[in-house]
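Trainee: Got a structure for you, questions after.
The values are calculated or read from the model by the stated rules, or taken from the named source; none is laboratory data. Computed from a predicted structure; not experimentally measured. Counting neighbours? That spans all protein chains shown, and the Cβs are built from the backbone with ideal geometry, glycine included.
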Amino acid sequence: MRQMIPRLLCLVAGIAMIVQFFIPHAISETVFSESLRWVRIISGFALVLGVRSVVFHHGVKVKRRASGWGYSVVALAGMVVMAVVGLLGGVDPNAPKLIPTSIGSFSFHMQTLYESLMVPLGATMFATLAFYMASAAYRAFRARNREATLLLIAAFIVMIGMVPIGSAIWSKLPNIAQWLLDVPSMAAKRGILFGVALGIVGTSLKIILGIERGWLGGGR
């Protein structure tokens with residue numbers, strides 16, 4: 001019974017949303033808009049569970065002095081600071097704008113913390129990933145067979161054509177590089193997206209019909 005009720009709710013909601021998508025009617029649009037409001041409410045409870053999970057995970061690491069527990073302290077401190085800033089300032093409910101956070105004579109927005117901390121950290125992380133991407137490209141672009149040789153040539157043309165030195169070598173090289181991105185690369189990308197879409201549809205149907213039950217916290 002504990003699994004039957006969630007599975008039944010999932011079946012009814014899934015079928016209702018599928019029917020709603022293919023019936024362009026005022027009632028179906030109303031049902032869709034109301035369901036989005038329910039999703040936002042449920043997301044609020046999910047946020048509480050997510051915060052609890054983060055605090056529990058990092059709190060245990062700090063308590064046990066596990067490897068990298070200092071990063072856990074920074075993560076918890078950052079979460080507390082952002083929560084306090086959001087409570088003191090946050091977003092104006094009557095207008096889509098940020099309210100300044102005032103601490104003494106110092107006033108700033110939540111966007112200030114994001115642009116001063118998260119943006120540089122994200123840029124640093126992606127800059128570090130560039131070295132891993134270069135290493136992976138070196139291993140992948142070895143001309144071991146005909147297909148790998150074509151991949152190597154195409155990658156070389158694209159990389160050279162996307163930088164200023166490419167046009168200096170040959171004026172048509174950027175156009176060739178753009179054609180490789182727009183035609184062969186886009187065709188392969190669309191094939192991958194078709195596969196991903198079919199996988200999403202198949203997984204969704206398995207969940208709606210009760211075939212896949214891992215989301216209930218147990219096995220199949």
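Trainee: Give me the pairs: first residue in region 118-135 and under 19 Å from residue 82 (Cβ atoms), second residue among the aliphatic types (A, V, I, L, M) and surrounded by 10 or more Cβ atoms within 10 Å (Cβ to Cβ), beta-carbon distance under 8 Å, and six or more apart or on different chains, which are they?
Mentor: Close Cβ pairs (under 8 Å, with a partner that is among the aliphatic types (A, V, I, L, M) and surrounded by 10 or more Cβ atoms within 10 Å (Cβ to Cβ)) do not exist here.
Trainee: While we're here: Given the conditions (1) among the acidic types (Asp, Glu); (2) surrounded by fewer than 10 Cβ atoms within 10 Å (Cβ to Cβ); (3) within 26 Å of the chain's Cα centre (by Cα), and given that residue 147 satisfies all but one, which numbered condition is not satisfied?
Mentor: It fails just one condition, (3).
Trainee: Further, regarding this structure: Given the options 91, 119, 84, 60, name the one that is in contact with a Leu (Cβ under 9 Å, 6 or more places away or on another chain) and among the aliphatic types (A, V, I, L, M).
Mentor: So the residue among 91, 119, 84, 60 that is in contact with a Leu (Cβ under 9 Å, 6 or more places away or on another chain) and among the aliphatic types (A, V, I, L, M) is 91.
Trainee: To continue, here is another question. Given the criteria among the small types (Gly, Ala, Ser), on the phi > 0 side of the Ramachandran plot and more than 24 Å from the chain's Cα centre (by Cα), does residue 68 qualify?
Mentor: Details: among the small types (Gly, Ala, Ser): yes; on the phi > 0 side of the Ramachandran plot: yes; more than 24 Å from the chain's Cα centre (by Cα): yes.
The answer is yes for residue 68.
Trainee: Mind checking which pairs have a first residue in region 57-75 that is aromatic (Phe, Trp, Tyr) and a second that is at pLDDT 90 or above and in a helix (DSSP H, G or I), Cβ under 8 Å, 6 or more apart or different chains?
Mentor: Matching pairs, first to second residue: 69/61; 69/62.
Trainee: May I pose another question? Here's a check for you: in region 55-72, which residue that is in contact with a helix residue (DSSP H, G or I) (Cβ under 6 Å, 6 or more places away or on another chain) and closer than 30 Å to residue 106 by Cβ is surrounded by the fewest Cβ atoms within 10 Å (Cβ to Cβ)? Talk me through it step by step, then tell me what you get.
Mentor: Looking only at region 55-72, we keep the residues that are in contact with a helix residue (DSSP H, G or I) (Cβ under 6 Å, 6 or more places away or on another chain), and these are 58, 61-62, 69, 72.
Checking which are closer than 30 Å to residue 106 by Cβ leaves us with 58, 62, 72.
Working: 58: 20, 62: 15, 72: 18.
Applying the filter and picking the extreme gives 62.
Trainee: Can I ask one more? Determine whether residue 52 is surrounded by fewer than 12 Cβ atoms within 10 Å (Cβ to Cβ), over 24 Å from residue 204 (Cα atoms), within 23 Å of the chain's Cα centre (by Cα) and not small (Gly, Ala, Ser). Reasoning before the result, please.
Mentor: Details: surrounded by fewer than 12 Cβ atoms within 10 Å (Cβ to Cβ): yes; over 24 Å from residue 204 (Cα atoms): yes; within 23 Å of the chain's Cα centre (by Cα): yes; not small (Gly, Ala, Ser): yes.
Answer is yes for this residue.
Trainee: Within region 144-153, is there a residue that is in a helix (DSSP H, G or I), more than 18 Å from residue 134 (Cβ to Cβ), touching a Pro at 6+ places or on another chain (Cβ under 7 Å) and not hydrophobic (A, V, I, L, M, F, W, C)?
Mentor: There is no residue in region 144-153 that is in a helix (DSSP H, G or I), more than 18 Å from residue 134 (Cβ to Cβ), touching a Pro at 6+ places or on another chain (Cβ under 7 Å) and not hydrophobic (A, V, I, L, M, F, W, C).
Trainee: For residue 205, are the conditions met, namely being within 27 Å of the chain's Cα centre (by Cα), under 30 Å from residue 157 (Cβ atoms) and among the hydrophobic types (A, V, I, L, M, F, W, C)? If you could, list the steps in order and put the result at the bottom.
Mentor: Working: within 27 Å of the chain's Cα centre (by Cα): yes; under 30 Å from residue 157 (Cβ atoms): no; among the hydrophobic types (A, V, I, L, M, F, W, C): yes.
For residue 205, the condition - within 27 Å of the chain's Cα centre (by Cα), under 30 Å from residue 157 (Cβ atoms) and among the hydrophobic types (A, V, I, L, M, F, W, C) - is not met.
Trainee: What helices (runs of 4 or more DSSP H), lying completely within region 162-220, carry at least 3 residues that are in contact (Cβ under 8 Å) with a residue 60 or more places away in the chain? Spell out the reasoning first.
Mentor: On the way: elements: 164-169, 173-182, 184-208.
Where helices (runs of 4 or more DSSP H) fall fully within region 162-220 and carry at least 3 residues being in contact (Cβ under 8 Å) with a residue 60 or more places away in the chain, they are 184-208.
Trainee: Within region 165-187, count every residue that is farther than 15 Å from residue 153 by Cα, at pLDDT below 90 and aliphatic (A, V, I, L, M). Can you show your working first?
Mentor: Narrowing region 165-187 to residues farther than 15 Å from residue 153 by Cα: 165, 167-172, 175, 182-183, 186-187.
From what is left, the residues that are at pLDDT below 90 are 165, 167-172.
Cutting the leftovers down to aliphatic (A, V, I, L, M) gives us 165, 168-169.
So the answer is 3.
Trainee: With 202, 214 as the choices, which residue is modelled with pLDDT of 80 or more, under 30 Å from residue 9 (Cβ atoms) and not hydrophobic (A, V, I, L, M, F, W, C)? Step through it out loud before you land on a result.
Mentor: Numbers: 214 fails: modelled with pLDDT of 80 or more.
The unique qualifying residue is 202.
Trainee: Looking at 202, 166, 210, can you tell me which residue is at positive phi and not hydrophobic (A, V, I, L, M, F, W, C)? Spell out how you get there, then give the answer.
Mentor: Values: 202 fails: at positive phi; 166 fails: at positive phi.
Checking each option against the conditions leaves just 210.
Trainee: Given 33, 28, 43, which one is more than 19 Å from residue 212 (Cα to Cα), hydroxyl-bearing (Ser, Thr, Tyr) and in contact with a helix residue (DSSP H, G or I) (Cβ under 7 Å, 6 or more places away or on another chain)? Even if it seems obvious, please write down each step before you answer.
Mentor: Details: 33 fails: in contact with a helix residue (DSSP H, G or I) (Cβ under 7 Å, 6 or more places away or on another chain); 43 fails: in contact with a helix residue (DSSP H, G or I) (Cβ under 7 Å, 6 or more places away or on another chain).
The conditions single out 28.
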